[in-house]
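Values quoted throughout were computed directly from the atomic coordinates according to the rules given, and no laboratory measurement underlies them. Keep in mind it's a predicted model, so treat the numbers as computed, not measured. Quick reminder, even Gly has a Cβ in these numbers, built from the backbone with ideal geometry, and neighbours come from all protein chains shown.
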Amino acid sequence: MIAEYFQTTVQAILQLNPGLNPNNLRIGQVILIPIASPCPTPDKPEPKCISMAELSLSNQMRQLWSQHVYWTRFFVLSDVFNLPDLEFVTNRLLRNPKDFEAALKPFYGEDNAAQFNVLLTEHLTIAAELVNAAKAGDNAAAADAERRWYANADQIAAFLGSINPCWSVREWRRMMREHLDLLKVEVTNILTQDFTGGVRIFDVVERQALEMADMMTIGIVKQFPERFVSHHQ
């Protein structure tokens, strides 16, 4: 995605960054990006600059996906350990799909934005079923919830691919399933009180959520480039 975004190749980036592991990038890591020439020439386009509109969208999507995983974690902790804030945390978590709806509505209209709200709410409610079944030791109920959870993830991927041709259904399916895989490990660590492992896996959950946020931003900018034009003299 980085190579595509900057209109270069993975190999060109790796050649400029000896020792870089493309499968283990870190938030905040500095990576050199190759360009054809340090100065634009008349027959070559000026390097892409990010507009304030694109920066604002990126910040918004990163905030929404971060809130998604943070409030999910707070819910699991409150639910597993019977904390008195469970109701309030649950209500805040369920606000996340509504916030996504508001963010997507200007681009995809009321109906599509509402549909994403429905799918993401289902994602969260099934996750709650899974946590409660695992907490109760009900393996059959947990297995059923897990099956429906992954089916819902595939539905989210298919839906996103249907409203934006710049979003790959295959990539969203991979990312959503990876998201669920990571959350399962996180829930297991909390249930077994492996707090060290729980903190460690949440770092990965957070990074992966930001990848989904960036993928969402890039796809929207590509689909609606006229809304993200930089205006400068």
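Here r is the Cβ-Cβ distance between residue 27 and residue 224 and R0 is 35 Å; the resulting FRET efficiency, rounded to 0.05, is 0.85. Contact order for the range 61-226, expressed relative to its length and based on alpha carbon pairs under 8 Å spaced 6+ residues apart, stands at 25 percent. Using the Cβ-Cβ distance between residue 162 and residue 63 with R0 = 25 Å, the FRET efficiency computed as 1/(1 + (r/R0)^6) comes to roughly 0.50. Computed from Cα atoms, the angle from the helix 139-163 axis to the main principal axis of the chain rounds to 30 degrees. On full extension, the segment bounded by residue 111 and residue 151 gains 12.2 nm, given 0.36 nm per residue less the C-alpha separation.
The label point for residue 5 and the one for residue 143, both projected 7 Å from the Cα toward the Cβ, are 4.2 nm apart.
Quick one: angle between helix 169-191 and the longest Cα principal axis of the chain, in degrees between 0 and 90, rounded to 10, please. Between helix and principal axis, roughly 40 degrees. Compared with the dominant principal axis of the Cα atoms in the chain, helix 195-223 is inclined by about 50°. Applying 1/(1 + (r/R0)^6) with R0 = 41 Å to the Cβ-Cβ distance of residue 184 and residue 49, what FRET efficiency is obtained, to the nearest 0.05? So the FRET efficiency works out to roughly 0.50.
Across 134, 12, 151, mean-square fluctuation computed from a Gaussian network of the chain (C-alpha pairs under 10 Å connected) peaks at 12.
Only helices enter the 222 nm calculation for the chain: every DSSP H run of n ≥ 4 contributes -39,500 (n - 2.57), and dividing by all residues gives -25000 deg cm²/dmol, rounded to 500.
Here each label is just a point 7 Å from Cα along the line to Cβ, and for residue 102 and residue 81 those points are 3.0 nm apart. Here the Gaussian network model covers the chain, with springs between Cα atoms less than 10 Å apart; of 93, 55, 124, 55 fluctuates the most.
The modelled label-to-label distance for the pair residue 192/residue 20, using points 7 Å beyond Cα in the direction of Cβ, is 3.6 nm.
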